[in-house]
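Following: one structure in structure tokens, then a few remarks.
The values are calculated or read from the model by the stated rules, or taken from the named source; none is laboratory data. The structure presented is a predicted model; accordingly, all values stated were derived computationally and were not measured. Note: ideal-geometry Cβ built from the backbone for every residue, glycine included; neighbour counts use all protein chains shown.
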Amino acid sequence: MFSSGGASMGEITDRRAKTDARIKDIQGRLGATEKVALGKACVYATGSFGRREAGAHSDLDLFIVSETTRDSESGDSESRFIDAAGYDLHQG
């Protein structure tokens, strides 16, 4: 450890390898979602996962950016969120 309390290069290298493995596991669990959202939404990890430095107790901060539709009459934008099974979550 550095005197400032930061992680050593060896610890960062280890965290990156473990973070990569955890992200690969999450991607595997969400495999069907990728087929549904392809070209319609993108997920970004931020924080320690985004830097590939997550520790054992790190939380997962995600941003989901999705395609929007614009109502031609009102001009209102509406985001469409689709779950892994392909259901439009805005429809009751």
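Side notes on the structure shown:
- His90, sole failed condition from (1) surrounded by 13 or more Cβ atoms within 10 Å (Cβ to Cβ); (2) modelled with pLDDT under 55: (1)
Residues checked against (1) of a type in the set (S, T, N, Q); (2) assigned to a helix (DSSP H, G or I); (3) modelled with pLDDT of 80 or more:
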| position | (1), (2), (3) |
| --- | --- |
| Ser4 | yes, no, no |
| Asp14 | no, yes, yes |
| Ile23 | no, yes, yes |
| Lys35 | no, yes, no |
| Glu53 | no, no, yes |
| Ala56 | no, no, yes |
| Val65 | no, no, yes |
| Ser74 | yes, no, no |
| Glu78 | no, no, no |
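- Output for segment 15-38, where each listed residue is free of Cβ contacts under 8 Å to residues at least 24 places away in the same chain, small (Gly, Ala, Ser) and farther than 18 Å from Ser58 by Cβ: Gly28, Gly31
- Filter pass, Lys40 being of a type in the set (Lys, Arg) and modelled with pLDDT of 90 or more: no
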